[in-house]
Amino acid sequence: MAENISNALKCLSLKQPYAYLLASGKKTIEIRKWNTRYRGKFLIHASKNLNKEACSVLKINEKLLIKGAIIGAAVLYGVKTYHAFDEFDKDRDKHLSVENMNPFSNVFKRRCGFLIKDAVLFDYPVPYSGKLGMFEVQL
């Protein structure tokens, strides 16, 4: 009897420069509005969209960033939930978000921080069309 073995890997699409920062290990928390139960290895996809404000604030030359490709891999090992601005702001050096949230507002929206380790930036990006959320890539 043949086993049904999947050659699919999970993949997460991010705007640049966040995809590069995650794949290079400079960013160790990925902020999302949604949570995930997934834990394990995943591919990092750089979407065709760019966050110009983040490039400017983080002093990254947007012309050097690869878009529309799988550029790396990492391990998602946990999720940290941010319920208040001060918690979110305390980890800014890990998630590098330039999202402007007013600490004096009562409208802080809960965020989920995907905890990332063992990031690898590929020498040769693989052109690929991304999707929203965590999706599967067939090998």
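Every number in this text was worked out from the coordinates using simple rules, so none of it is lab data. Please read these numbers as outputs of a predicted model, since none were measured by experiment. Cβ sites come from the backbone with ideal geometry, for glycine too, and all protein chains shown count toward neighbours.
Worth pointing out:
- Build a GNM of the chain with springs between Cα atoms under 10 Å apart, and of Ile60, Ile70, Ile31 the one that fluctuates most is Ile60.
- Among Asn61, Asn51, Asn35, the residue with the largest mean-square fluctuation in a Gaussian network model of the chain, with springs joining Cα atoms closer than 10 Å, is Asn61.
- Ordering of 20-30, 123-133 by burial proxy (mean other Cβ atoms within 10 Å per residue, highest first): 20-30, 123-133
- Full extension of the chain segment joining Asn49 with Lys90 gains 12.0 nm, where the gain is 0.36 nm per residue of separation less the Cα-Cα distance.
- Virtual spin-label span in nm between Arg37 and Gln138, 7 Å along Cα→Cβ: 2.5
- For the chain, size of Cβ-based charge dipole, Lys and Arg +1, Asp and Glu -1, in debye: 220
- Altogether, the Stokes-Einstein calculation at 37 °C and 0.692 mPa s, with the Kirkwood radius of the chain over Cα pairs as Rh, returns a diffusion coefficient of 209 µm²/s.
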